[in-house]
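Take a look at the structure set out below.
The values are calculated or read from the model by the stated rules, or taken from the named source; none is laboratory data. Nothing here was measured: the structure is a model prediction, and the numbers come from that model. Backbone-built Cβ (ideal geometry, glycine too); neighbour counts: all protein chains shown. Side chains included, ligands, DNA and RNA excluded: accessible areas come from the protein's heavy atoms. Shrake-Rupley method; radii C 1.70, N 1.55, O 1.52, S 1.80 Å.
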Amino acid sequence: MIIMTSSESKAAASTEMVNVLVDKAPSDGTAGAPKPVIVPANHAMARLASYTKPYRARIFMASFWSVLNKVLDLMPPIMVSWVIDTINQKPPGFVKAASGETPIGYGIVLAAIVMLVFGFESLFQWAYTSQFMRIAQDLQHDLRRDVYAQLQRQEHAFFENHRVGDVMTMLNDDINSLERFLNTGFNTLLQLVVLFCFSVTTLVATSWHLALVGLWPLPLVAYCGIWYHRKIAPRYLAVRRTVADVASRLENNIGGMAVVKAFNAEAFEEDRVREASLAYKKANYEAIRLATVYVPIIRMVVALGFGGVVLLGSYWVLEDGEDAPITVGQLVLYSMLIQRVLWPLTRLGPVLDDYERAASAASRTFGLLDRQPSIQDPPAHLTRHLPPLSPGVAAGAVSFRDVRFGYPGTRDAVLKGLDFEVRSGQLVGVCGTTGAGKSTIIKLLLRLYDTSSGTVELDGVNVRSLPLQELRQRVSLVSQDVFLFAGTIRDNIAYGLECVEDASPRKGEAGVVSHSDVEEASKVAQLYDFVCSLPAGFDTVVGERGVKLSGGQRQRLSIARAVLKNAPCMIFDEATSAVDTETERLIQESLTTFTRGRTAIVVAHRLSTIRHADNIVVLSNGIVSEQGTFEQLLATNGTFAELWRLQSGTSVPPQAEEGGQTGV
């Protein structure tokens, strides 16, 4: 079946895309469903923790190495206190026992402790760093793969109502933020907890009086951290929104640079980029203003505790001498360790920054993963299958029965009770004025959208009862807006199929085509001679979106792609609108032979392409206003005859050539 469409539906749907939950359209078809809104996931960081379940054993081991590393990292103040007390003839008991109470023995024991501590600290640092980095990369890979797979499951409306920049932000920036947090932020939080627990235990065990003096700022620091967390969160949400706006603006402008230059709109677009970038800068300034204040305030609070320890500890040692409650070494231990406890708390701000960025990213990411597309495979108990294809037996019959439909977010219905049928092996042309619903019927047949009411059937089966893969496997699409992927001409013709050498034993398997198959398809599309004239032939790289090919060449390549798929249902969207008259005639001749035994629906603006259709359906205001053969429609002198007169400049069509071609 061949279906050709125009581009009238572009005005029906917005080009901006929002992450959405699509409600069903009203059953009367008088309007489309409301546009959905983004639904961020609740408890996103808890969801992230749940997502890491396959890595938990590795995370536990990496955390274990990190804890040991931090404990050893906190040993230098303790070792310095041991050295000072040993010099003052007050060595720790275990040093005294191990050294034999000789100067060289003391030196050997203390040096050995230092070497062991720093050696194992370095070993554990390598262990946890490499493990966390690997886990972060694995998580990033799995999460990006799952997010992309979920994106592909979304219905067509999702992509017509969401900006490409927003999608790319989710796939790149958001996932990268989660990777960075797991790689560094999580470990920093873990080590801060170890630092606090180990240091406070050591300080209290040494002198609980000094511990009270040195650690009194902790409640104030904790309060400041909570306050900062609450204030910075909405600022980072604004940053993420504005950076997505900038990405979308840049993507649109770069993709449409030819139009920008053609309309001398460089200054206009530069102003729009400047405004988007300025909004991003202002959002960042708001976050920076708060982030830069936090650390200096915490430093001032921490200095009070450190000063109190120095004041009270020095007084004890100087005033009481040998009878002081602490030794000189313990005072040095306190002075060093209290800094190790309090000063790292100033890093809590950047750590909370990373946490908030990750939480915002996780909220968007899991919001998308939770989203259920409005168009899915039917439940197993309601699923039906198409009859198997038989050689020589036409397939692809299509029926529209009282179909009503409106696009999401619009007030007016596009189709208002559409009824028509296409028998298997029949060529049916569809035409009408702009906005009559020509492209819409193709989207409904492919289940890019679902009807508001009524049914669309393929070979007698409601398309809603068919698995999406089975439905679309029976359909080949040639879109008016041809999209080519970066790669070779052969790759694009064989898109979705595996292409092998002619001598390969896999030739003929399902989903596998050979080089000769690709060449034969290109001949049908009148592309073969052009490709052979290129130095690299079918291995010629077409560039991103096929920029190295002309519009007509891209269109012929798209036809070859549809021909190679060899589906009983083929969709052509103004497939020859960008080629010259002679090339169009040659393509029509080739397709006439190729489409025998297939159903063809030709939706076109150029009425000459459907002159020889078995039946022509004329759409007007969402319903079938006329149908019949070319000659019958001219005789009725209705909408079709008026369109013909406007295009041809005459009320009498030119006589068909003997054995005339079937238009496609």
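Of the listed requirements (1) open to solvent by less than 70 Å² (accessible area, probe 1.4 Å); (2) part of a helix (DSSP H, G or I), MET115 misses just one: (1). I'm checking my understanding of the structure. Among residues of the range 410-432 that are at pLDDT 90 or above and of a type in the set (Asp, Glu), which one is least open to solvent (accessible area, probe 1.4 Å)? Checked the range 410-432; the qualifying residue least open to solvent (accessible area, probe 1.4 Å) is ASP419.
Checking each residue in the range 356-409 for being in contact with a strand residue (DSSP E or B) (Cβ under 8 Å, 6 or more places away or on another chain), touching a residue at least 60 places away in the same chain (Cβ under 8 Å) and open to solvent by 20 Å² or more (accessible area, probe 1.4 Å) picks out ARG384, HIS385, PRO387, LEU389, ALA394, ALA397, ARG404. Strands (runs of 3 or more DSSP E) fully within the range 352-462 that include at least 2 residues being small (Gly, Ala, Ser): 427-432, 453-458. Can you tell which of ASP491, ASP502 is at negative phi, open to solvent by 40 Å² or more (accessible area, probe 1.4 Å) and more than 27 Å from the chain's Cα centre (by Cα)? Among ASP491, ASP502, only ASP502 is at negative phi, open to solvent by 40 Å² or more (accessible area, probe 1.4 Å) and more than 27 Å from the chain's Cα centre (by Cα). Just give me the residues in the range 80-100 being assigned to a loop (DSSP other than H, G, I, E, B) and open to solvent by 60 Å² or more (accessible area, probe 1.4 Å), in sequence order. Scanning the range 80-100 gives ASN88, GLN89, LYS90. Suppose the filter is modelled with pLDDT under 85, within 23 Å of GLN526 (Cα to Cα) and in a loop (DSSP other than H, G, I, E, B); does ARG585 pass it? Considered against the rule, which asks whether it is modelled with pLDDT under 85, within 23 Å of GLN526 (Cα to Cα) and in a loop (DSSP other than H, G, I, E, B), ARG585 comes out as no. What number of residues within the range 534-551 are assigned to a loop (DSSP other than H, G, I, E, B), on the phi > 0 side of the Ramachandran plot and basic (Lys, Arg)? Within the range 534-551, residues that are assigned to a loop (DSSP other than H, G, I, E, B), on the phi > 0 side of the Ramachandran plot and basic (Lys, Arg) number 0.
Of these, ALA567, ALA578, ALA560, ALA600, which one is modelled with pLDDT of 85 or more, out of contact with any Asp or Glu (no Cβ under 8 Å at 6 or more places or on another chain) and among the hydrophobic types (A, V, I, L, M, F, W, C)? Full working, then the answer.
Values: ALA567 fails: modelled with pLDDT of 85 or more; ALA578 fails: modelled with pLDDT of 85 or more; ALA600 fails: modelled with pLDDT of 85 or more.
Criteria check complete, one pass: ALA560.
Only residues that are among the small types (Gly, Ala, Ser), in contact (Cβ under 8 Å) with a residue 12 or more places away in the chain and open to solvent by 40 Å² or more (accessible area, probe 1.4 Å) were counted in the range 612-647, giving 2. The residues listed here are PRO77, PRO103, PRO40; of these, the one that is open to solvent by less than 50 Å² (accessible area, probe 1.4 Å) and either over 28 Å from the mean Cα position of the chain (by Cα) or modelled with pLDDT under 90 (or both) is PRO77.
Is it fair to say SER390 is more than 36 Å from the chain's Cα centre (by Cα), over 30 Å from LEU633 (Cβ atoms) and of a type in the set (Ser, Thr, Tyr)? First the steps, then the outcome.
Details: more than 36 Å from the chain's Cα centre (by Cα): yes; over 30 Å from LEU633 (Cβ atoms): yes; of a type in the set (Ser, Thr, Tyr): yes.
So SER390 fits the description; yes.
Among the residues of the range 144-151, some residue qualifies, meaning at least one is open to solvent by 10 Å² or more (accessible area, probe 1.4 Å), part of a helix (DSSP H, G or I), under 30 Å from PRO350 (Cα atoms) and touching a residue at least 24 places away in the same chain (Cβ under 8 Å).
Table: residues versus (1) of a type outside the set (A, V, I, L, M); (2) open to solvent by 60 Å² or more (accessible area, probe 1.4 Å).
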residue: THR201; (1), (2): yes, yes
residue: PRO217; (1), (2): yes, no
residue: CYS224; (1), (2): yes, no
residue: TRP227; (1), (2): yes, yes
residue: ARG241; (1), (2): yes, yes
residue: LEU250; (1), (2): no, yes
residue: ALA262; (1), (2): no, yes
residue: ASP271; (1), (2): yes, yes
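Of all residues in the range 510-527, those being closer than 28 Å to ARG447 by Cα and free of Cβ contacts under 8 Å to residues at least 24 places away in the same chain number 3.
Applying the condition of being part of a helix (DSSP H, G or I) and touching a strand residue (DSSP E or B) at 6+ places or on another chain (Cβ under 8 Å) to the range 152-173 and asking which residue is farthest from SER363 (Cα to Cα) yields GLU160. Being hydrophobic (A, V, I, L, M, F, W, C) and at pLDDT below 85 holds for only one residue in VAL398, VAL393, VAL403, and it is VAL393.
Is there a residue in the range 303-320 that is within 27 Å of the chain's Cα centre (by Cα), part of a helix (DSSP H, G or I), among the small types (Gly, Ala, Ser) and surrounded by fewer than 19 Cβ atoms within 10 Å (Cβ to Cβ)?
Of the residues in the range 303-320, the ones within 27 Å of the chain's Cα centre (by Cα) are none.
Within the range 303-320, none of the residues are within 27 Å of the chain's Cα centre (by Cα), part of a helix (DSSP H, G or I), among the small types (Gly, Ala, Ser) and surrounded by fewer than 19 Cβ atoms within 10 Å (Cβ to Cβ).
Using the structure shown, decide if LEU210 is over 35 Å from the mean Cα position of the chain (by Cα) and open to solvent by 20 Å² or more (accessible area, probe 1.4 Å). Spelling it out, it is not the case that LEU210 is over 35 Å from the mean Cα position of the chain (by Cα) and open to solvent by 20 Å² or more (accessible area, probe 1.4 Å).
Selection of first residues in the range 156-176 that are closer than 16 Å to VAL39 by Cα and of second residues that are of a type in the set (D, E, K, R) and open to solvent by less than 10 Å² (accessible area, probe 1.4 Å), restricted to Cβ pairs under 9 Å at least 6 apart or on distinct chains, gives the following pairs, ordered by first then second residue: PHE158/ARG371.
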